[in-house]
1. What does the accessible area per residue of the chain come to in Å², with a 1.4 Å probe and no ligands, DNA or RNA counted?
2. I'd like the projected area of the chain, averaged over all directions, using the convex hull of its alpha carbons. Report it in nm² with one decimal.
3. Quick check on segment 313-395: what does the Kirkwood estimate of hydrodynamic radius come out to from the alpha carbon pairs, in Å?
4. Which percent of the accessible heavy-atom area of the chain goes to carbon and sulfur, probe 1.4 angstrom?
5. For the pair residue 110/residue 337, report the inter-label distance in nm, with labels modelled 7 Å from Cα in the Cβ direction.
6. Return the calculated 222 nm mean residue ellipticity for the chain, to the nearest 500 deg cm²/dmol, obtained by summing -39500 (n - 2.57) across DSSP H runs with n ≥ 4 and dividing by the residue count.
7. How much of residue 131 can a 1.4 Å solvent probe reach, expressed as accessible area in Å² and rounded to 10?
8. What is the helix-to-structure angle for 151-161, meaning the angle in degrees between its Cα long axis and the longest Cα principal axis of the chain, kept from 0 to 90 and rounded to the nearest 10?
Amino acid sequence: MTDHLFKLNNVIQNYVWGSDSSIHYLFNIPNPDQLPQAELWMGAHPSGCSKNQQGTLLSQIIDQDPATALGAYTQKRYAGLPFLLKILAAEKPLSIQVHPSKTMAEQGFKLENAQNIPVDAPSRNYKDANHKPELVYAVTFYQAMNGFREIEEIISLFEQADCQTLSGLLEQLKAEPGAEQLQNFFAAIMNMNAAQKAMAVHELIENLDKKARTHKGKEAFQLIAQFYLDYPDDIGLFSPLLLNIIELAPGEAMFLDAQTPHAYIHGTGIEIMASSDNVLRAGLTPKHIDVDELIKNTKFQPSTFTELKLKAQCIDHKKVFHVPVDDFNFEVHSVSSQGHSEFVRSPEILLCLEGNITISTAQQSIELQRGESVFICAAAHTYQCRGEGQFVRAFN
Ligand SMILES: [Zn+2]
């Protein structure tokens, strides 16, 4: 019989942009070799599947008894664990990216399969047939870019940047400041040949510290100077002029919608996403950029600043972050000595953020400290939380 509650052993991803200290200090995860600890994955994804204490893969435990682990609804609707939970610690910026909608992912995956492009080929865009909505919850101050700026703001920033190579394009955007011209403007920048790009970057970087005439300009040019250290000839150097720069305070969260360009810049947070690996890159990367496919998958709609941050709903002991998708739910719970209980409707993963908490089902009881996580089977029906501290609750 499957245990309804068990502790997880999770996979660390040592990507080069990761911090070598943040996950270690904040979540007490050992880092004996001083490697960059970029992400810790909690879930059943084949690229980094969690295990139970006996070393059995979570994916195997789910496959052996999906009715118990997932419950009838999740088993029927998703056939596996629909979400992936991560701790993410960015020391350097991650690539700018866009995730396809569900429909585009289904079509693209089918087409690339029909063209016999291996799933692990560098030129492959669609690794699976799923969308990849994401939510990020800040543990430290967390800086990111998310969504297009208002077009007037884009125009003002490019005027301040004063790149002669782009002046013709900028005039066209000023003449017709709408979604269609924004798409043309973006496509033309992405499609510059090597010589044009080198010239435009040279013009951008020249006297960078003297260019800002507005507060937003100052912020954008500081970021460009920072990106330039790691990516001196990357098209992503223009991204701070195009995209909103956002900083989350600890305890704040934002949603990253399909077809919206975004990049994480710096900070440690908890991320939850639909179980997918579909990423179309748009800069700050040495990897393959497929400009045509990127543009097909991008909404050229400015995101207003106020809609980027998620408003948490506070209900008793928990903060609920509502998202417009049903692949996952995300809550942050505070636990007290008198405790509280929760009903289970789906598989769940709990991650302890701080303190000392005890999670109990009818059969089992497990103590958790920061950085430790458990899987709860849908068949558990209910569990109790007691102690002193905070945990993240991921379910669907
Ligand atoms: Zn993303």
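The values are calculated or read from the model by the stated rules, or taken from the named source; none is laboratory data. Note that the coordinates shown come from a computational prediction; the quantities given were computed from them, not determined experimentally. All Cβ positions, even for glycine, are placed from backbone atoms using ideal geometry, and neighbour counts span all protein chains on display. Side chains included, ligands, DNA and RNA excluded: accessible areas come from the protein's heavy atoms. Shrake-Rupley method; radii C 1.70, N 1.55, O 1.52, S 1.80 Å.
1. 44 Å²
2. About 20.2 nm², averaged over all directions.
3. 12.8 Å
4. 50 percent
5. Taking the two extended label points, one gets 6.0 nm.
6. Using -39500 (n - 2.57) per qualifying helix, the result is -8000 deg cm²/dmol.
7. Ignoring ligands and nucleic acids, residue 131 comes out at about 30 Å².
8. 60 degrees
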